Amino acid sequence: MDLINGVVGKEYLLLGNEAVVRGALEAGMDIATQYPGTPSSEIGDTLWKIKEDCDFYYEYSTNEKVSLEVAAAAASAGARSLAAMKHVGLNVASDSFMSTAYTGVRGAMVIVVADDPSMHSSQNEQDTRIYSRLADMPMLEPATPNEAKEMTKEAFELSEELGMPVILRLTTRISHTRGPVSFGEIKVPEGKKEFISNPTKFVPTPGNAYHLHRELKERIAQAKKLSNSSELNRVESAKGRVGIISSSVAAAYAREVKEEFEQEVSLLTLAFSYPLPDDLIKDFVSDLDKVLIVEELEPVMEKEIRSLLYGTGIEVEVFGKLSAHLPELYEYTPKLVREALAEVLGVELEDSALSTAESEVEIPPRPPVMCAGCPHRHSYYAVVKAAHACTKGEPDPVYTGDIGCYTLGAAPPFMAIDYLLSMGSSIGTTGGFAEATEQKVISFIGDSTFFHGGLPALVNVIHNQHDITLVILDNSTTAMTGHQPHPGAVKDGEGASLREVSIEDTVRGMGVEFLEVVDPQNIEETEEIFKEAIEFEGVSVVISRAPCILVENRFKMERGEEIVKCKIKEEDCVECDVCVQKYACPAFYRGPDGLAIDQALCNGCGACQQVCPLIDLFGEGAIEEEGGA
Amino acid sequence: METTNIVITGVGGQGIILVSHILADAAKASDLSVYVGEVHGMAQRGGVVHTYVRIGDIYSSLVPEGEADIVLSLEMGEAYRARNYLNSESWVITNQRRIIPLSVVKGEADYPEAEEIEKALDGLGERTLSVDATKLARESGSEIAENVVMLGIMVATGALPIEEETIKEAIVDRVKEEWKEVNLKAFAAGLQKGQDLIAELEL
């Protein structure tokens, strides 16, 4: 594998997330942790893939808070550690995260946080840069995969120098961009450390914290000196009187588009972006008439720069979000940056794009759907039917949902998610609906999410005796982020280093009186159990367990087993449409003689036979191995 | 040097990311700077997937609207959906395959006929190549190789700063041993079809 065997000095094409891993290897990282979350997942996945061939320790932790705590403790013992997460994962980790700024570390600690402007795979587009200000934690912001590698290395050095964690902030467009990365030497970790007890530093009781906060301010003052002189903050001076200050991927866009204008434009790229290098910025803008601040999401730098310049006598006009030249919403594009710059320069742009206002044809949207054969579909189908039968003449039940592939249960035809806040909220929120309404409350959570954020909430539900039904959708993997293992799902061959934690033992141990485990492939039986669970007064838990069909079929192919596909007797189909309207498997299509099943899409789960008597499994059409590129 | 901006689009599962990787490998092997913008996560679940490949003096992977040199689509409707990337000089290369979303099967939406989409695409510019790549792939040994057929057509346009041989080498490096022959056949079929079409349309 190039990532670990690549030649030093040569360039390789790496994903931004993979580049972070290479940087960590070149920094001699000892320990890394992650709970998967798009767009950060490939950091952990890459570490998981290479860990047997390297000398670091890696774990998928149960959630981001635990992940950060493992990394923080290791760094306090003197190790070099890395914890990676998506932006909202930092919310989960934030309690301990705030404390690590106070305690600092003895070794080095890098917290990699990937933001998701435009919410490609997230519930919000919060800006992690504000966390760096909240915690007073230094931040580095690469713009390209190569910078991601270099700055991961730099972040370890900086963390060690300052004695505190450093945030490496990525965004989707850096994490998921593949670009040329130049390799340096890999450094082998030094081995085990000895933790030296130091309660005044590592135990932030009110008395200790009083002093630790002052020390933090001193460290941040030192960090500001470093950011003012850091080579990571690059000045590209030009003759013109207009400049740009930018960071992260937006800086790459600024670099590209400024070359297109006749007027020369200076650029200050802030990669060591917190603490903001105040002297460097003042120096940069003092020769300018106009400066455009180009940053995605919140006007973080812009507000700080405006306040920095206030009262200094430096007469530069500042443009950005607050002047309405750029938006505060969604990710930027080179085009957006070009247009803002043109406006500041007073240049008219010719738009080369085709005018497509008048659309000739309407292409229907293609929202993501649960895969053909997904066991979640069977569970939702059975629950919705059971709930309908149990609530006749009553108001509809309230469905609380959670984060994973099964969030797609919110879409028609199931529409079985009415409320969702964050990882684990499906269970926590049930109490509010159970006490504020007289409606039945039905909650869905995935297996990995159950361990991540569901456990304390379930204890709350049991302890306070809320009348709710909880469905744990157990497909034995963390499917949406790329099929990572979790505490309830240990794959073959991992048993030696990992122990499986049983979901039913955990639930039973908490004292749940109604607990059933069902196979959702058997839709009728599942529906009956759900009816019992919904009728039950008190906390009822149903574990709906069937493996993710994609993983299952991959195993089948590896074992050389045939995947038997489903087929409808099309000639007998009366187009009652239950298969598409109520069950909604994407393998169905309307053929010349009625509804039919696309043999390339069918994953052969066979559950649709319980939805339509005309469906049968047939043996000739095993899935061909993926042959095309 | 000039930048070449390519948008590759289609429906999740059509091998879009792999085409991007082959192209990027070939660009790298030609000592060109290349950036690929990929899509991971929830969007892949049967949704629209598009990736960007940018070759040249650039630092980012996002193809700006109106600045694609080539839009390559493995599905017909998706070629039209990506029209915001086009300018009057752009190449549009589309597979004639139509993948019908469930909403259309359910009767909640309509999906235009192939002829209607083709007409709409023709209205966007001169350089439109519409090919039944799925059929050519089937004739080459497997429908799954439709993406590599499309790659062949893209090479035929001459709009790539990469040699044909380098692309072939990248294909061989990326696919499993037992599928190499099928994919090379699919590539050759696409290349031939592309050259024929370009001659026929006098492009």
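For segment A:329-440, please list each of the helices (runs of 4 or more DSSP H) lying entirely inside it that holds at least 2 residues being within 14 Å of chain B (Cβ to nearest Cβ), touching a residue at least 12 places away in the same chain (Cβ under 8 Å) and closer than 30 Å to B:LEU62 by Cα. Steps first, answer last, please.
Numbers: elements: A:334-345, A:375-390, A:425-428, A:430-436.
Because the criterion is at least 2 residues that are within 14 Å of chain B (Cβ to nearest Cβ), touching a residue at least 12 places away in the same chain (Cβ under 8 Å) and closer than 30 Å to B:LEU62 by Cα, the helices (runs of 4 or more DSSP H) in segment A:329-440 that meet it are A:334-345.
B:ASP69 versus (1) under 20 Å from B:GLY152 (Cβ atoms); (2) free of Cβ contacts under 8 Å to residues at least 24 places away in the same chain: which is the lone unmet condition?
(2)
Looking at B:ASP196, B:ASP173, which one is within 14 Å of chain A (Cβ to nearest Cβ), part of a helix (DSSP H, G or I) and surrounded by fewer than 20 Cβ atoms within 10 Å (Cβ to Cβ)? Give the derivation first.
Values: B:ASP196 fails: within 14 Å of chain A (Cβ to nearest Cβ).
The conditions single out B:ASP173.
State the number of residues belonging to segment A:203-221 that are of a type outside the set (D, E, K, R) and either surrounded by 16 or more Cβ atoms within 10 Å (Cβ to Cβ) or touching an Asp or Glu at 6+ places or on another chain (Cβ under 8 Å) (or both). Spell out how you get there, then give the answer.
At the first step, the residues of segment A:203-221 found to be of a type outside the set (D, E, K, R) are A:203-213, A:216, A:220-221.
Applying the additional criterion that residues be either surrounded by 16 or more Cβ atoms within 10 Å (Cβ to Cβ) or touching an Asp or Glu at 6+ places or on another chain (Cβ under 8 Å) (or both) yields A:204, A:208, A:212, A:216, A:220.
Number satisfying all stated conditions: 5.
Can you confirm whether segment B:87-97 contains a residue that is surrounded by 23 or more Cβ atoms within 10 Å (Cβ to Cβ) and within 7 Å of chain A (Cβ to nearest Cβ)?
Checked against the condition, which is being surrounded by 23 or more Cβ atoms within 10 Å (Cβ to Cβ) and within 7 Å of chain A (Cβ to nearest Cβ), segment B:87-97 yields no hits at all.
Residue by residue through segment A:246-267, note down the ones that are buried (at least 24 other Cβ atoms within 10 Å of the Cβ), touching a Lys or Arg at 6+ places or on another chain (Cβ under 6 Å) and more than 8 Å from chain B (Cβ to nearest Cβ).
Correct list: A:VAL265 only.
What is the number of the single condition among (1) surrounded by 23 or more Cβ atoms within 10 Å (Cβ to Cβ); (2) part of a helix (DSSP H, G or I); (3) not small (Gly, Ala, Ser) that B:ASP25 does not meet?
(1)
For segment B:29-38, which positions are surrounded by fewer than 21 Cβ atoms within 10 Å (Cβ to Cβ) and either touching a residue at least 24 places away in the same chain (Cβ under 8 Å) or facing another protein chain (nearest Cβ under 7 Å) (or both)?
Kept after step one, since they are surrounded by fewer than 21 Cβ atoms within 10 Å (Cβ to Cβ), are these residues of segment B:29-38: B:29-33.
The answer is B:ALA29, B:SER30, B:LEU32, B:SER33.
Return only the number of the condition from (1) assigned to a helix (DSSP H, G or I); (2) of a type in the set (Ser, Thr, Tyr); (3) at pLDDT 95 or above that B:SER103 does not satisfy.
(3)
Given the conditions (1) buried (at least 24 other Cβ atoms within 10 Å of the Cβ); (2) part of a loop (DSSP other than H, G, I, E, B), report the number of the one that B:ALA137 does not fulfil.
All conditions pass for B:ALA137, except number (2).
From A:LEU329, A:LEU297, A:LEU322, A:LEU349, which residue is open to solvent by 30 Å² or more (accessible area, probe 1.4 Å), closer than 20 Å to A:THR171 by Cβ and of a type in the set (A, V, I, L, M)?
Numbers: A:LEU297 fails: open to solvent by 30 Å² or more (accessible area, probe 1.4 Å); A:LEU322 fails: closer than 20 Å to A:THR171 by Cβ; A:LEU349 fails: closer than 20 Å to A:THR171 by Cβ.
Going through A:LEU329, A:LEU297, A:LEU322, A:LEU349 in turn, the sole match is A:LEU329.
With (1) of a type in the set (D, E, K, R); (2) closer than 29 Å to A:GLU350 by Cα; (3) modelled with pLDDT of 95 or more as the list, and B:LYS135 as the residue in question, which single condition is left unmet?
Every condition holds for B:LYS135 apart from (2).
If you scan segment A:574-599, which residues turn out to be more than 20 Å from A:ARG377 (Cβ to Cβ), open to solvent by 10 Å² or more (accessible area, probe 1.4 Å) and within 13 Å of chain B (Cβ to nearest Cβ)?
As a first pass, look at segment A:574-599 and keep what is more than 20 Å from A:ARG377 (Cβ to Cβ): A:574-575, A:591-594.
If we keep only those that are open to solvent by 10 Å² or more (accessible area, probe 1.4 Å) too, we end up with A:574-575, A:591-593.
Of everything in segment A:574-599, those that are more than 20 Å from A:ARG377 (Cβ to Cβ), open to solvent by 10 Å² or more (accessible area, probe 1.4 Å) and within 13 Å of chain B (Cβ to nearest Cβ) turn out to be A:GLU575, A:GLY591.
Could you run through segment A:90-127 and say how many residues are more than 14 Å from every other protein chain (Cβ to nearest Cβ) and either in a helix (DSSP H, G or I) or open to solvent by 20 Å² or more (accessible area, probe 1.4 Å) (or both)?
Result for segment A:90-127: 18.
If I filter segment A:549-564 for residues that are within 25 Å of B:TYR111 (Cβ to Cβ), crowded, with 16+ Cβ neighbours inside 10 Å and among the acidic types (Asp, Glu), do I get at least one hit? Show your work before the answer.
Here is the first cut: in segment A:549-564, the residues within 25 Å of B:TYR111 (Cβ to Cβ) are none.
No: segment A:549-564 contains no residue that is within 25 Å of B:TYR111 (Cβ to Cβ), crowded, with 16+ Cβ neighbours inside 10 Å and among the acidic types (Asp, Glu).
Name the one entry in B:VAL148, B:VAL104, B:VAL131 that is touching a Leu at 6+ places or on another chain (Cβ under 9 Å) and either within 11 Å of another protein chain (Cβ to nearest Cβ) or farther than 30 Å from A:PRO367 by Cβ (or both).
On the way: B:VAL104 fails: touching a Leu at 6+ places or on another chain (Cβ under 9 Å); B:VAL131 fails: either within 11 Å of another protein chain (Cβ to nearest Cβ) or farther than 30 Å from A:PRO367 by Cβ (or both).
Of B:VAL148, B:VAL104, B:VAL131, the one residue that is touching a Leu at 6+ places or on another chain (Cβ under 9 Å) and either within 11 Å of another protein chain (Cβ to nearest Cβ) or farther than 30 Å from A:PRO367 by Cβ (or both) is B:VAL148.
Per-residue answers, yes or no, for (1) in contact with a Leu (Cβ under 9 Å, 6 or more places away or on another chain); (2) within 14 Å of chain B (Cβ to nearest Cβ); (3) surrounded by fewer than 24 Cβ atoms within 10 Å (Cβ to Cβ):
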| site | (1), (2), (3) |
| --- | --- |
| A:MET29 | yes, no, no |
| A:ALA32 | yes, no, no |
| A:TYR35 | no, no, no |
| A:SER41 | no, yes, no |
| A:GLY44 | no, yes, no |
| A:LEU47 | yes, no, no |
| A:GLU69 | no, no, yes |
| A:ALA74 | no, no, no |
| A:MET85 | yes, no, no |
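Condition (residue is at pLDDT 95 or above, part of a loop (DSSP other than H, G, I, E, B) and small (Gly, Ala, Ser)) applied to segment A:287-310: is it met by at least one residue? Quick ask: steps written out before the conclusion?
Taking segment A:287-310 as the starting set, the residues that turn out to be at pLDDT 95 or above are A:288-310.
Going one step further and asking which of them are part of a loop (DSSP other than H, G, I, E, B), we end up with A:288-289, A:295-299, A:310.
Still in the running and small (Gly, Ala, Ser): none.
No, that holds for no residue.
When you check B:VAL63 against the structure, is it among the β-branched types (Val, Ile, Thr), buried (at least 24 other Cβ atoms within 10 Å of the Cβ) and in a loop (DSSP other than H, G, I, E, B), yes or no? Steps first, please.
Numbers: among the β-branched types (Val, Ile, Thr): yes; buried (at least 24 other Cβ atoms within 10 Å of the Cβ): yes; in a loop (DSSP other than H, G, I, E, B): yes.
Yes: the conditions hold for B:VAL63.
Collect the residues in segment A:426-461 that are open to solvent by 10 Å² or more (accessible area, probe 1.4 Å) and among the hydroxyl-bearing types (Ser, Thr, Tyr), keeping them in residue-number order.
Selection gives A:THR429, A:THR437.
What number of residues within segment A:530-575 are acidic (Asp, Glu), closer than 21 Å to A:LYS491 by Cβ and assigned to a helix (DSSP H, G or I)?
Filtering segment A:530-575 for residues acidic (Asp, Glu) gives A:532, A:535, A:537, A:552, A:558, A:561-562, A:570-572, A:575.
When the remaining residues are screened for being closer than 21 Å to A:LYS491 by Cβ, the result is A:552, A:558, A:561.
Retained after the next criterion (residues that are assigned to a helix (DSSP H, G or I)): A:552, A:558.
Of the residues in that region, 2 qualify.
Can you pull out the residues in segment A:381-415 that are surrounded by 23 or more Cβ atoms within 10 Å (Cβ to Cβ) and hydroxyl-bearing (Ser, Thr, Tyr)?
Selection gives A:TYR381, A:TYR399, A:THR400, A:TYR406.
Looking at the structure I just gave you, is A:THR200 crowded, with 19+ Cβ neighbours inside 10 Å, under 27 Å from A:ILE31 (Cα atoms) and not aromatic (Phe, Trp, Tyr)?
Numbers: crowded, with 19+ Cβ neighbours inside 10 Å: no; under 27 Å from A:ILE31 (Cα atoms): yes; not aromatic (Phe, Trp, Tyr): yes.
So A:THR200 does not fit the description; no.
Any residue in segment A:169-193 that's away from chain B (no Cβ under 14 Å) and within 20 Å of A:TYR274 (Cβ to Cβ): show its pairings with residues that are open to solvent by less than 10 Å² (accessible area, probe 1.4 Å) and hydrophobic (A, V, I, L, M, F, W, C) at Cβ separation under 9 Å, as long as the two are six or more apart or on different chains.
Once the first residue is away from chain B (no Cβ under 14 Å) and within 20 Å of A:TYR274 (Cβ to Cβ) and sits in segment A:169-193, its partners that are open to solvent by less than 10 Å² (accessible area, probe 1.4 Å) and hydrophobic (A, V, I, L, M, F, W, C) give A:ARG169/A:VAL112; A:ARG169/A:VAL113; A:ARG169/A:ALA114; A:ARG169/A:MET139; A:ARG169/A:LEU140.
I'd like the full set of residues that are assigned to a helix (DSSP H, G or I), within 8 Å of chain A (Cβ to nearest Cβ) and surrounded by 15 or more Cβ atoms within 10 Å (Cβ to Cβ), limited to segment B:117-128.
Filtering segment B:117-128 down to residues assigned to a helix (DSSP H, G or I) leaves B:117-122.
When the remaining residues are screened for being within 8 Å of chain A (Cβ to nearest Cβ), the result is B:117, B:119-120.
Within segment B:117-128, B:ILE117, B:ALA120 meet the criteria.
The values are calculated or read from the model by the stated rules, or taken from the named source; none is laboratory data. All values derive from a computational prediction rather than experimental measurement. Don't worry about glycine lacking a Cβ; one is built from the backbone with ideal geometry, like all the others, and counts go over all protein chains shown. For accessibility, only protein heavy atoms count, side chains too; no ligands or nucleic acids. Shrake-Rupley method; radii C 1.70, N 1.55, O 1.52, S 1.80 Å.
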